[in-house]
């Protein structure tokens, strides 16, 4: 793993989808519905289900067929995710305040009515993503929660995805993926009702499709390659830091794994440990390519520079493993998920510790946070006035309306200023 003294400007070179082809898929599904879904699924996934909705007995069978340790692990993860989601929900409050005598302004919290959770299949099916998206939606009070996931060789999503969906108590699972699944969520078909919000990670085609349908429905984010940044020093457990970097790198060849330190000796130790562990990793081919493309150990001059790099890059996952981890972490202000101390590994956040693993990438942590109950909740403002109590505010509004040249606004205010 290379040691550098400066990082290149952020650059995400993942092979993108063809926007024109994505647009063609979206338009075709919008026009022809289920028939187009079948044609594109056969062409792109090569496995077409007997019907789009997975039968409930098949989901029950999937739950029973997974190994007992897996069921226990899924249940533990679900319990923690639900506990955290409920705490998030309770931290968001409706309120009303009196902004002027007799005039009240407030907010209400209303859940989105319907949500689709996209769950990737392919080489690495992700049952954890079912839990990380559907459970917060349920905690928010969403009435209809469905999962969209590509069909496998038997025509259905991976059994672990179905088992997780059964555990999360979703309303339906549909065996469809890719841009065509996004189209079904946005426009609906005879078999799949449209939703109000689409969440969850996906490949470049899914991401481009989400970008194109945004406005027709809401989306959580446009995900880029997955990222980790580890802040470390000579006190850190170098084997753990190396393992966390490689855990990120094995996602895919475009994954970004960066470690930052002020200590040259620690950097050399980490570089050697990454190479040692990489040689033994079953996913070496993918991880090695990611490390070669986007991996780096950055050595900076001092603590201030360390913080500047972390806050400027706003990584999806930020691990702080330094001597003063708690204090340093308190000064980190931009990230998707923060992991403080050597025990709080990203892998725990990926699966079981509670907060959703659907997090902002590509520096989006500078202006937004990760998926949570708030993703599925609309904050709606309200205003009301007691009889005859709007006069003072109406007088002020009339003045400002005339400054802006909007006489109609001013006259509407005047009628309440009398």
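Here, each number is a calculation from the coordinates, and none is a lab measurement. The structure displayed is predicted, hence computed values, not measured ones. For neighbour counting, all protein chains shown are included, and Cβ atoms are generated from backbone atoms with ideal geometry for every residue, glycine included.
Structural remarks
- Residues 117, 332, ranked from the fewest to the most other C-beta atoms within 10 Å, line up as 332, 117.
- Simple spin-label estimate for residue 23 and residue 264 in nanometres, 7 Å along Cα-Cβ: 5.4
- Point-to-point label distance, residue 104-residue 277, nm (Cα→Cβ direction, 7 Å offset): 5.6
- Of all DSSP beta bridges in the chain, antiparallel share, percent nearest 5: 30
- By the beta-carbon count within 10 Å of each Cβ, the least crowded to most crowded order of 211, 240, fewest first, is 211, 240.
- Mean ellipticity per residue at 222 nm, deg cm²/dmol - from DSSP H runs of n ≥ 4 across the chain, formula -39500 (n - 2.57): -14000 deg cm²/dmol
- Our estimate of slack between residue 194 and residue 35, defined as 0.36 nm per intervening residue step minus the Cα-Cα distance, is 55.6 nm.
- Neighbour-count order for 289, 208, fewest beta carbons within 10 angstrom listed first: 289, 208
- Gain on full extension, evaluated as 0.36 nm per residue between residue 409 and residue 387 minus their Cα-Cα distance, stands at 5.9 nm.
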